[in-house]
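Scroll down for the structure; my scribbles are underneath it.
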Amino acid sequence: MASSESTAGDTSGLITVAIANAFALSSAVYIAAGVSGGHVNPAVTFGMAVGGHISVPTALFYWLSQMLASVFASLILRVMTVSQRVPAYAIAEEMTGFGASMLEGLLTFVLVYTVYAFSDPRRGPFGAIGPLVIGLTAGAGVLAVGPFSGGSMNPACAFGSAVIAGKFKNQAVYWVGPLIGAAVAGLVYDNVVFPPDDAAESIRGVSDGDGV
């Protein structure tokens, strides 16, 4: 995901980062969907766990994998770009932590709701268009709030870059908001918008779900 340090005040850079995020995420989800559900985002994993689509032990294993992968990816970036710092997520000066967390939570709600819609077998197969829509949703989020909070929507991305950069200021923004937004998205989709016809439908394996 994008870093607000690298996108603030640079419109062309923001568009480039948003497009890169969209297609990179689409590719990751498409590749991993049939293996693990494509969970590359702790917020998506949390939303799926809240909805009962994956077990708590599985969710914890996914979280550990996602966090380690993010740290290693940031470390590789640091090693490959000698003498260059790894940009960490940061909020704009005019934003409060609460406001930034609200923005991240709202965007994550939209993202996880999209994942739920894509992974719902009652709506029929989406094929390759599902991962593309998920990626474009994330890209749109980066465009919308990149200059304000970075448009992370992914606690793992914020954590990995913070560990390598050594900057943990406002780290809670990228956890509290997205996790709440993801949980609300799962509950709203499964209990309000598209409640299951049968109780058995509310429990589905990871092979039925796709994530980010």
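The values are calculated or read from the model by the stated rules, or taken from the named source; none is laboratory data. Note that this is a predicted model, so its numbers are computed, not measured. Every residue, glycine among them, receives a Cβ derived from its backbone with ideal geometry; neighbour counts consider all protein chains shown. Side chains included, ligands, DNA and RNA excluded: accessible areas come from the protein's heavy atoms. Shrake-Rupley method; radii C 1.70, N 1.55, O 1.52, S 1.80 Å.
Given the structure, is E104 open to solvent by 60 Å² or more (accessible area, probe 1.4 Å), over 15 Å from A22 (Cβ atoms) and among the acidic types (D, E)? When the stated conditions are applied, E104 does not pass them.
Answer yes if at least one residue in segment 68-88 is part of a helix (DSSP H, G or I), open to solvent by less than 40 Å² (accessible area, probe 1.4 Å), modelled with pLDDT of 90 or more and out of contact with any Gly (no Cβ under 7 Å at 6 or more places or on another chain), and no otherwise. No, that holds for no residue.
Apart from one condition, A117 fits all of (1) more than 16 Å from N21 (Cα to Cα); (2) open to solvent by less than 10 Å² (accessible area, probe 1.4 Å); (3) among the small types (G, A, S); the exception is (2). Only one entry in V50, V56 is open to solvent by 10 Å² or more (accessible area, probe 1.4 Å) and either within 17 Å of the chain's Cα centre (by Cα) or modelled with pLDDT under 90 (or both), namely V50. Assess whether T114 counts as being among the polar types (S, T, N, Q) and under 15 Å from the mean Cα position of the chain (by Cα). When the stated conditions are applied, T114 passes them. Scanning segment 34-59 for residues that are over 21 Å from A162 (Cβ atoms) and part of a helix (DSSP H, G or I) yields G34, V35, S36, G47, M48, A49, V50, V56, P57, T58, A59. Scanning segment 124-140 for residues that are farther than 21 Å from Y189 by Cβ and either crowded, with 20+ Cβ neighbours inside 10 Å or in contact with a helix residue (DSSP H, G or I) (Cβ under 6 Å, 6 or more places away or on another chain) (or both) turns up at least one hit. As a summary of the residue check, I31 satisfies the conditions (1) open to solvent by 30 Å² or more (accessible area, probe 1.4 Å); (2) part of a helix (DSSP H, G or I); (3) in contact with a Gly (Cβ under 8 Å, 6 or more places away or on another chain); (4) within 14 Å of A138 (Cβ to Cβ) except for the one numbered (4).
Of the residues in segment 14-27, at least one is touching a residue at least 60 places away in the same chain (Cβ under 8 Å), assigned to a helix (DSSP H, G or I), over 17 Å from the mean Cα position of the chain (by Cα) and surrounded by fewer than 20 Cβ atoms within 10 Å (Cβ to Cβ).
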